[in-house]
Amino acid sequence: MTDFLIRKFVTTKCGGDNRLRREHCGRLSGVVGVVLNLLLGLVKLFVGMAAGSMAVMADAVNNLTDAASSVITIVGFELASRKSDDEHPFGHARIEYMTGAIVSGIIIAVGVKLITTSYDKVMHPTPVTSSMTAIVLLVILALVKLWLYRFNMKLSVLIGSPSLKATGIDSRNDAVSTAIVLISLLLDKLLGVHIDGYVGLAVGVFIIYSGLTMIRETAAPLLGQSADPRLIREIEEVILEHAGALGLHDLIVHDYGPGHVFASVHIEVDSRVDIFVSHSMVDRIEMEAKEKLGVLLVGHMDPIDTQNPKVAELRKLITGVLAEIDGARGMHDLRLVPGPDHINVIFDAVVAHENSAQTFDVIKEQVQAALTEKDPAYIAVVNSDLDYAAGR
C-alpha cells in the first residue's frame with residue numbers, strides 16, 4: 001500500500017523536480033493522516049464512551065489532535081513550497097520546520113489536558129466495561145498506526161524531511177500508547193485491576209514527552225544547528241576532487257529549509273598558479289556543488305606558499321602540538337613574516353565552541369613554547385577561529 005501511494009501520487013507525477021516532490025509528499029502525508037486519524041479517533045471515542053474508559057478516550061483525543069496536526073502539515077508544505085521573493089530571497093522552506101514546532105505545541109497542550117482529566121478519574125474512579133469486540137478493534141487500530149508510522153518514515157527518507165519524520169515518530173508513539181491502553185483494559189476485564197485513570201495519566205505524560213522531543217527536533221534547524229556530517233563530507237569531496245585544491249577551511253553551511261542550503265568556504269590554492277586558472281577552478285567547484293548537492297556555494301581563494309621548506313616544517317610542528325590539545329580542531333593560513341630580530345609565525349587555530357577561550361589560551365602557550373624551543377626568534381601570532389563544521 002505504501003509503495004502504491006508513493007508511486008501514484010508522488011514519483012510518477014513529480015519526476016526529478018525535488019521542490020514539487022516535497023510538496024506532493026507533504027500533501028500525501030497530510031491527507032492520509034487526516035483520513036486515518038479522524039477514523040481512528042472517532043472509533044476509539046465510541047469504544048471509550050461505551051466502556052467508560054478515560055484511557056481509551058484520552059487515546060482517542062490524541063488521534064483527533066493528530067488529524068488537526070495533519071491539516072497543519074498540508075498547509076505548512078504548501079506555504080514552504082512557495083518560491084523566493086524580494087522579501088524572502090532565501091525562500092520559504094523554513095515554514096516546514098515551523099509547522100513541526102506548531103504541531104508539537106498542540107500535542108503538548110493535549111497531553112496537559114489529558115493529565116488533568118485522568119487525575120480526576122484517579123480521584124473519583126468509575127467502573128470500566130469493555131468487550132472483546134472493543135479490545136479487538138483497538139488491536140486493529142494500533143496496527144493501522146504502525147502502518148502510518150512506516151508510511152511517514154518512508155516519505156521522510158524520500159525527501160529528507162524532519163517534519164515528516166516527527167509525524168512518523170508521533171504515529172509510532174500512538175501505537176505504543178494504544179498498546180498500553182489495551183493492557184489496562186485486559187487487566188480490568190480479566191483480573192479486576194482498576195488502573196484506567198493511572199493509564200490515562202501515563203498516556204498524557206507520554207504525549208507530552210513526544211511533543212517536547214518533536215519540538216527539539218523541528219526547532220533545532222531554526223536555531224542554527226550543525227550541518228549534516230554527510231553533507232559536510234560531500235562538499236569536501238566536491239572540492240578536493242580538483243587537483244588544484246590543496247585543502248579547505250572555514251566551511252560554513254546555512255540551512256534556510258530543505259532544498260535551500262547556502263555555504264561558504266576558503267579553498268587553498270598554490271600561490272604560484274596563475275590567479276585566473278585558480279579562479280576558474282573555484283567557479284567549477286561552485287557549479288558542481290549546486291548541480292550535485294543542490295548547495296549554493298561561495299568559494300574564497302587562499303594562496304599557499306608550497307615552496308618554502310620552513311613553512312612545511314612549522315606546519316608539521318604546530319599540527320603535532322594541536323593534536324595533543326583538547327578542543328583544538330586544526331589550523332590554516334600559516335605564513336611567516338620576518339622582522340629585524342624575529343620572525344612572526346602567523347596562523348589561525350580552529351577550536352571547538354565549548355571552552356573556546358580557555359582552549360585558545362592553551363594553544364598560544366604551548367605553540368609558543370614549541371616554537372621557542374626550535375628557534376627563539378619565532379613569535380607565535382595566533383588567531384582564534386571557531387569550528388562551524390563541527391558536525392563532521
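The values are calculated or read from the model by the stated rules, or taken from the named source; none is laboratory data. Since we're looking at a predicted model, the values are computed, not measured. When we count neighbours, we look across all protein chains shown, and the Cβ atoms used for this are built from the backbone with ideal geometry, even at glycine.
Miscellaneous remarks
- One residue from E365, E286 being buried (at least 16 other Cβ atoms within 10 Å of the Cβ) and either out of contact with any strand residue (DSSP E or B) (no Cβ under 8 Å at 6 or more places or on another chain) or in the same structural domain as H249 (by TED's automatic domain parsing) (or both): E286
Conditions (1) out of contact with any strand residue (DSSP E or B) (no Cβ under 7 Å at 6 or more places or on another chain); (2) under 22 Å from I239 (Cα atoms), marked per residue:
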| residue | (1), (2) |
| --- | --- |
| R272 | yes, yes |
| V282 | no, yes |
| K292 | yes, yes |
| K310 | no, no |
| L314 | no, no |
| G320 | yes, no |
| I325 | yes, no |
| R335 | no, no |
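- Selection from segment 197-254 of residues that are in a loop (DSSP other than H, G, I, E, B) and either basic (K, R) or buried (at least 19 other Cβ atoms within 10 Å of the Cβ) (or both): A227, A245
- Residue among V71, V56, V32 that alone is assigned to a helix (DSSP H, G or I) and free of Cβ contacts under 8 Å to residues at least 60 places away in the same chain: V71
- Taken as a whole, segment 95-117 holds no residue that is modelled with pLDDT under 80, of a type in the set (A, V, I, L, M) and not in a helix (DSSP H, G or I).
- Selected residue (only one of R315, R272, R230 is of a type in the set (K, R), outside the structural domain of P376 (by TED's automatic domain parsing) and over 30 Å from P162 (Cβ atoms)): R272
- Among the residues of segment 304-347, those that are assigned to a strand (DSSP E or B), within 35 Å of the chain's Cα centre (by Cα) and not charged (D, E, K, R) comprise A328, G330, M331, H332, L334, F347.
- Yes/no for G259 being at pLDDT below 85, in a loop (DSSP other than H, G, I, E, B) and either over 12 Å from the mean Cα position of the chain (by Cα) or more than 21 Å from L296 (Cα to Cα) (or both): yes
- Filter result for V269 (of a type in the set (A, V, I, L, M, F, W, C), in contact with a Pro (Cβ under 8 Å, 6 or more places away or on another chain) and part of a strand (DSSP E or B)): yes
- Summed over segment 362-382, the residues that are under 14 Å from A328 (Cβ atoms) and touching a residue at least 40 places away in the same chain (Cβ under 8 Å) give a count of 4.
- Scanning segment 1-19 for residues that are touching a residue at least 60 places away in the same chain (Cβ under 8 Å) and either over 19 Å from R172 (Cβ atoms) or crowded, with 16+ Cβ neighbours inside 10 Å (or both) yields L5, I6, V10, N18, R19.
- Qualifying position, being without any contact (Cβ under 8 Å) to a residue 40 or more places away in the chain, touching an Asp or Glu at 6+ places or on another chain (Cβ under 8 Å), under 30 Å from D174 (Cα atoms) and not basic (K, R), among I267, I195: I195
- Unique residue being surrounded by fewer than 22 Cβ atoms within 10 Å (Cβ to Cβ) and more than 18 Å from M57 (Cβ to Cβ) when the list is S171, S156: S156
- When R172, R216 are checked against the criterion of being in contact (Cβ under 8 Å) with a residue 12 or more places away in the chain, over 22 Å from N18 (Cβ atoms) and either among the charged types (D, E, K, R) or not assigned by TED's automatic domain parsing to the domain that holds N37 (or both), R172 stands alone in meeting it.
- E288 being modelled with pLDDT of 95 or more and either within 24 Å of I235 (Cα to Cα) or touching a His at 6+ places or on another chain (Cβ under 6 Å) (or both): yes
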